[in-house]
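Student: Below is the structure I would like to discuss, written out as structure tokens.
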Amino acid sequence: MKETINTLNGEISSDDLGVVRMHEHLLTDPPQFVAKEDPDLVLDSSRKATEELRKLGTNTEVKTLVDGTAIDYGRNVRGMHEIAKTTDLNIIATTGFNRGIFFEEWIHNYSLDELTDLLIREITEGMEGTNLKAGILKAGSDYNRITKVEEKTIRAVARAHSVTGAPIKTHTEMGTMGHEQLDIFAEEGVDFSQIVLIHIDRNLDYGYHKSILERGANIMYDGPSKIKYYTDERRIINLKKLANDGFINQLFISNDMGRKSYLKSYGGGPGWEYLHNKFIPRLLREGFNKSQIKQIFIENPKRFLAF
């Protein structure tokens, strides 16, 4: 029996994923205090998202995009579905939460069981009153701490995973609290191979990354081109070391371009094409082979996303 994946245009076989972009954002509507302080984080144009998506589909080999926008960050299910209908790319939506600073009061007030039931429904029945099913669960934590309400959402994600089998990604603020998140998932009995820690390259510590991989979890580097954090050279050095250490099957790479200033359609750059047209060629020039690139962008997502 083929394993399947929930997309915004229905279920597909894992064999149909192709090259996967594991964490991007089509539309975002973060809390008002965030939007007021940093309006660059608001992605509010379906037209521009569609334009960016078409550039990606036309100019790269990408066939699937995972939208990482969580409930607390202004996920727009119907808007994403309208965009998905305009493209041949598979679009996978997220259910779950980012981090406590974004949580509305209802998330604080919901019990653990209520949050778990909500996540299960969004995977198995549909999101926000639609029949559009999420394909991945998300939890997260703040910088150098996990608050009580964040712990509650992490446990809700773990329990929804145990019922649905859906994969899990976690927001690590500036790459911190990876082990502490895994400790909570361990208490809930989650197989670490079903978890990917994202934004981990904002804390570009080789020993830290290796220790997470040694526990059996996956990690995602989603900062290529963002030299305000680290140069691509530093990222590639770490990735080569981790691949040479035997962890190629646990590595993911994406771009997490959740700002207007990152996207060509909004007048910014370098756009979603950067990863495949500039970063991957550089990986190949600097020691990666085509088999490893296929593993990271096709085989690892195919294994991870299916349930």
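Here, each number is a calculation from the coordinates, and none is a lab measurement. Every value quoted in this text rests on a predicted model; they were computed, and no experiment measured them. Neighbour counts are summed over all protein chains in view; Cβ atoms, including those assigned to glycine, are modelled from backbone coordinates with ideal geometry.
Student: For each of His81, His276, count neighbouring Cβ atoms within 10 Å of the residue's Cβ, then give the residues from fewest to most.
Tutor: Fewest-to-most Cβ neighbours within 10 Å comes out as His81, His276.
Student: At a 10 Å Cβ-Cβ cut-off, how would you order Lys169, Lys294, fewest neighbours first?
Tutor: On the way: Lys169 27, Lys294 12.
Arranged by neighbour count, lowest to highest, Lys169, Lys294 become Lys294, Lys169.
Student: Per 0.36 nm of contour for each residue apart, how much would the distance between Lys294 and Lys241 grow if the chain were fully extended, relative to their Cα-Cα spacing?
Tutor: 17.3 nm
Student: Moving on to the next point. Dipole of the chain (Lys/Arg Cβ +1, Asp/Glu Cβ -1, origin at the Cα centre): which of Asn9, Ile227, Asn90 lies farthest to the positive side?
Tutor: Checked the options; the winner is Ile227.
Student: Please give the charge dipole size of segment 4-305, origin at the Cα centre, charges +1 on K and R Cβ atoms and -1 on D and E Cβ atoms. Round to the nearest 20 debye.
Tutor: Values: 39 positive and 44 negative charges, 230 e Å.
So the magnitude is around 1100 debye.
Student: Going by Cα centres, segment 9-60 and segment 95-164 are how many Å apart?
Tutor: Taking the Cα centre of each part, segment 9-60 and segment 95-164 sit 20 Å apart.
Student: Moving to a separate point now. Would you mind calculating the relative contact order of the chain from Cα pairs under 8 angstrom and at least 6 residues apart, reporting the percent as a whole number?
Tutor: 20 percent
Student: Stick to the Cα atoms of the chain, pair each with every other, and give me the Kirkwood hydrodynamic radius in Å at one decimal. Write down the numbers at each step before the final one.
Tutor: Working: mean 1/r = 0.0523 Å⁻¹.
Mean inverse Cα-Cα distance, inverted, gives 19.1 Å.
Student: May I ask you to sort Tyr208, Tyr143 by Cβ crowding, counting other Cβ atoms within 10 Å and putting the fewest first?
Tutor: Lowest to highest Cβ neighbour count: Tyr143, Tyr208.
Student: Let me ask another. Helix-only estimate, please: 222 nm mean residue ellipticity of the chain, summing -39500 (n - 2.57) across DSSP H runs of length 4 or more and dividing by its residues, to the nearest 500.
Tutor: Helix-only estimate at 222 nm: -10000 deg cm²/dmol.
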